[in-house]
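Heads up: the structure comes next, in structure tokens.
The values are calculated or read from the model by the stated rules, or taken from the named source; none is laboratory data. These numbers were taken from a predicted model, which means no experiment stands behind them. Cβ coordinates were reconstructed from backbone atoms using ideal geometry, including for glycine residues, and neighbour counts include every protein chain displayed. Calculation scope for accessible area: heavy atoms of the full protein, side chains included, ligands and nucleic acids excluded. Shrake-Rupley method; radii C 1.70, N 1.55, O 1.52, S 1.80 Å.
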Amino acid sequence: MPGWESEKQLHSEYRSGKADSPGYTEEQAAEVARFQARLLELSITVSTHSFWGTLDGRVVEARMARKTPQPEAS
């Protein structure tokens, strides 16, 4: 993948940029594809679990609560 360099910043000599990258190897690309497939599989499993049917229309609130870390009980 080609690198890039931005324009000079106002009132500064700094130029942000990124060096050229060789990209993923075939092994790395296969591993990323495997992780993405597993993530999709797990996402489907969680979102279609029968638990969500027990919430009497409070599904959004319950899902948001699951995303927010709960304080540990003492």
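How much net charge surrounds Ser47 when only other residues with a Cβ under 14 Å from its Cβ are counted (Lys, Arg +1; Asp, Glu -1)? It works out to a net charge of +2. Take every pair of alpha-carbon atoms less than 8 Å apart whose residues are at least six positions apart; their mean separation over the length of the chain yields a relative contact order of 18 percent.
Quick check: at a probe of 1.4 Å, how many percent of the accessible area of the chain sits on carbon and sulfur atoms?
C and S atoms contribute 58 percent here.
Rounded to the nearest whole Hz, the Karplus-based 3J(HN,Hα) values (6.51 cos²θ - 1.76 cosθ + 1.60, θ = phi - 60°) of the range 24-36 follow the sequence 6, 6, 4, 5, 5, 5, 5, 5, 4, 4, 5, 4, 5, with x at glycine and proline.
Applying Stokes-Einstein at 4 °C and 1.567 mPa s to the Kirkwood radius of the chain, computed over alpha-carbon pairs, gives a translational diffusion coefficient of 73 µm² s⁻¹.
In the context of the full set of protein chains, the range 27-70 has a per residue accessible area of 89 Å² (1.4 Å probe).
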